[in-house]
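Visitor: My questions will all concern the structure given below.
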Amino acid sequence: MSWWQDTVCYELYPRAFADWDGDGTGDLAGATARLGHIAELGADAVWITPFYPSPLADGGYDIADYTAVAPDLGTSEDFDRLTARAHDLGLKLIVDLVPNHTSDQHPWFREALAAGPGSTARGRYLFRPGRGLAGELPPNDWQSAFGGPAWTRVADGEWYCHLHAPEQPDLNWREQEVRSAFSDVLRYWLDRGVDGFRVDVAHALFKAEGMPDAGPGQHQDPLRNHLMPYYDQEELHPLYREWRKLLDTHPAPPGAVAPHDRVMVAESAVFDPARLARYIRPDEMHQAFNFAFLEAAWDPAELRRVIDASLSAPGGGAVTWLLSSHDAVRPVTRLGSAMRARAAALLMLALPGSAYLYQGEELGLPQATIPDHRILDPLWERSGHTDRGRDGSRVPLPWSGDLPPYGFTTAKAERTWLPQPDDWAPYTVAAQERDPASTLTLYREALRLRRAHPAYDPTAAPRWYSAPTDPYLAFRRSALTCVVNLGTQPLPLAGLGLTGSPVLASGPFDGGTIPPDTALWLVDDTEPQHNEGDGHGPVH
Ligand code: NOJ
């Protein structure tokens, strides 16, 4: 089994993790200094979101230079120190690859603007003439994921395509120069010792030939994403096969994992499990984020359906699970309570496969409200101030102390990258470390037990001990059994037909009854552990 198949990977959003130089923005040296937190938590890997030079039109996902470090985050040497420290702590390091679009400040785009229509420089992007008598209308009806048309017109009358903000022009992936430049980017970071890549909007790089209209209802039904002319095109797959070959063969520097053990994880908003599975074939990506799990409602039938569908989808790799990310509303807020978020964490961490945690999830942070004048997310402007965007989950972590900036920085609280709420003292790492009932203690204990009782086959479905209509979920994988009470009534443990001793609960468990919105783990070492996928099938 490869390390990534059951890895617990911690997503580190560098500007909000820890600040070293005292300017109020998190940086690479701060991340290096605080990596011990991730190791003590019990994670196996770190995925660090973009730390490259960027005008920050979209939190760093608008990159002006793919092989450098943003000056406010540090230097290339700081990155090397981060990598070395991660490896010393036994953590793998995954970096973000953002191939769909560059920043509008990238030298290629500046050159394209200067060079004019028909130039080679424009050929690296998706420039088109407009529709209408004078070309005054966008070339087609495509909408940006952030709202508004996916096209912006430049001074000479041509339009360029951007599936996100106008400051993020989409690249033309049919252009060989684009292709080879990104292979060089992959090689560059592999040479610096990274253990893999998270590939941003991996479903969007190619657009259908002729760029036909997408029709009404775009972005409204994620299940139809794969039908959009700008998503899920066939040409993606040869490209990912090319990258996989590169990953599998490029020599590994000291400290990094062997070539065949490097991982590529797709951020692919394709929700049809069969379509998503096509990204994780044995010669393509290793993993794809399972957004269906993140988006599932707090409902036993829906969660079970998503779990079963995820595990039974064809594909070469193990399933990933995630409850949060820098793009999602924090689970405490999204699911409706801290109780539910804690129970959801035990549910996720009991499932076979790998889990991606997002910084602050282990502290049970709620979504913060950012005052209008401090909002950075382009969604706010693009939506005409109707969508406050994702900044509420990107607030600097509280490390210690009673008031902002809670040990995040030595700068004054007013200067932090996004403001922290005044009432976060109970959420700090320091406060939670001392508290056996804290969310941090729960996560640490869950990860310790998960490691002690691995799923021997991370691709095998768990055995269900609950029926699809029960108001609770109960399943077993290897020695670990997880019960989650999603109903409104307390659930007596006796009578559920489970074996094993209770070892961890997400809420007050009195030894006999599981309260609503609470999960319980039991361990039973007596049964043979290689029981997954053994053909016995689910109990229910
Ligand atoms: C997905 C990233 O996670 C998100 O933060 C970003 O806005 C888009 N891709 C565009 O790069």
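The values are calculated or read from the model by the stated rules, or taken from the named source; none is laboratory data. Only a predicted model underlies this, so the values are computations on that prediction, with no experimental measurement involved. Heads up, the Cβs are rebuilt from the backbone with ideal geometry, glycines too, and the neighbour counts pull from every protein chain shown. Areas reflect the complete protein model, heavy atoms only, side chains present, ligands, DNA and RNA absent. Shrake-Rupley method; radii C 1.70, N 1.55, O 1.52, S 1.80 Å.
Visitor: How long are the semi-axes of the equivalent ellipsoid of the range 333-482, defined as square roots of 5 times the Cα gyration tensor eigenvalues? Whole Å, largest first.
Guide: Square roots of five times the eigenvalues give 34, 20, 13 Å.
Visitor: Between GLU433 and GLN105, what is 0.36 nm times their sequence separation minus the Cα-Cα distance? Round to one decimal in nm.
Guide: Gain on extension, GLU433 to GLN105, equals 113.8 nm.
Visitor: Spin-label point model (7 Å from Cα, Cβ direction): what's the ASP510 to VAL154 distance in nm?
Guide: 7.0
Visitor: How high is the FRET efficiency between GLU175 and THR67 when r is their beta carbon distance and R₀ equals 25 Å, given to the nearest 0.05?
Guide: Here the calculated transfer efficiency is 0.85.
Visitor: Now, a different point. Only helical DSSP H runs with n ≥ 4 go in: add -39500 (n - 2.57) per run for the chain, normalise by residue count and round the 222 nm mean residue ellipticity to 500 deg cm²/dmol.
Guide: -7000 deg cm²/dmol
Visitor: Using the Cα centre of the chain as origin and beta-carbon charges of +1 (Lys, Arg) and -1 (Asp, Glu), tell me which of LEU205, GLY60, THR83 is placed farthest towards the positive end of the dipole.
Guide: Farthest towards the positive end: LEU205.
Visitor: Right, something else. Among rounded, prolate and oblate, which fits the chain when a ≥ b ≥ c are the square roots of the eigenvalues of its C-alpha gyration tensor, a/c under 1.5 means rounded, and a/b larger than b/c means prolate?
Guide: Prolate shape, in that a/c is at least 1.5 and a/b is the bigger ratio.
Visitor: Relative to the longest principal Cα axis of the chain, at what angle does helix 439-452 sit, 0 to 90 degrees, rounded to 10?
Guide: The angle comes out near 80 degrees.
Visitor: Okay, moving on. How high is the FRET efficiency from HIS219 to ALA452, r the C-beta distance, R0 51 Å, rounded to 0.05?
Guide: E(calc), rounded to 0.05, equals 0.75.
Visitor: Pop out the carbon and sulfur fraction of the accessible area of the chain as a percent, whole number, probe 1.4 Å.
Guide: 54
Visitor: With +1 on the Cβ of every Lys and Arg and -1 on the Cβ of every Asp and Glu, and nothing else charged, how large is the dipole of the range 461-531 about its Cα centre, in debye rounded to the nearest 20?
Guide: Approximately 160 debye in magnitude.
Visitor: I'd like the distance separating the alpha-carbon centroids of the range 248-302 and the range 107-166, in whole Å.
Guide: 31
Visitor: At 1.4 Å probe size, with every protein chain present, just tell me what the per residue accessible area of the range 394-540 comes to in Å².
Guide: Result: 43 Å² of accessible area for each residue.
Visitor: At 7 Å along Cα-to-Cβ for each site, give me the label-to-label distance between THR369 and THR249 in nm.
Guide: Using points 7 Å along Cα→Cβ, the separation is 5.7 nm.
Visitor: If you don't mind, there's one more thing I want to ask. Going by Cα centres, the range 1-57 and the range 337-416 are how many Å apart?
Guide: The two parts, judged by their Cα centres, are 14 Å apart.
Visitor: Another one. In the range 84-231, what percentage of the DSSP-assigned beta bridges are antiparallel, given to the nearest 5?
Guide: Around 70 percent of the beta bridges assigned by DSSP in the range 84-231 are antiparallel ones.
Visitor: Along the Cα-to-C-beta direction of GLU295, a point sits 7 Å from the Cα; which residues of the range 207-223 have their amide N less than 20 Å from that point?
Guide: It comes to 214-223, nothing else.
Visitor: For LYS207, give me every one of the lysines with a C-alpha distance below 30 angstrom, ignoring sequence neighbours fewer than eight places off in its own chain.
Guide: Straight-line reach from LYS207, under 30 Å: LYS245.
Visitor: Also, I was wondering about something else. What are the extents of the Cα atoms of the range 107-161 along their three principal axes, in Å, largest first?
Guide: Largest to smallest, the principal-axis extents are 28, 26, 15 Å.
Visitor: For THR513, what residues show an amide H to amide H distance below 5 Å, using hydrogens built from the backbone and excluding near sequence neighbours?
Guide: HN-HN under 5 Å from THR513: LEU493.
Visitor: Just grab the label-to-label distance for ALA84 and ASP387, each label 7 Å out from Cα along the Cβ direction, in nm (one decimal).
Guide: With each label point 7 Å from Cα toward Cβ, the separation is 4.3 nm.
Visitor: Over the heavy atoms of TRP380, what accessible area does a 1.4 Å probe trace out, to the nearest 10 Å²?
Guide: 20
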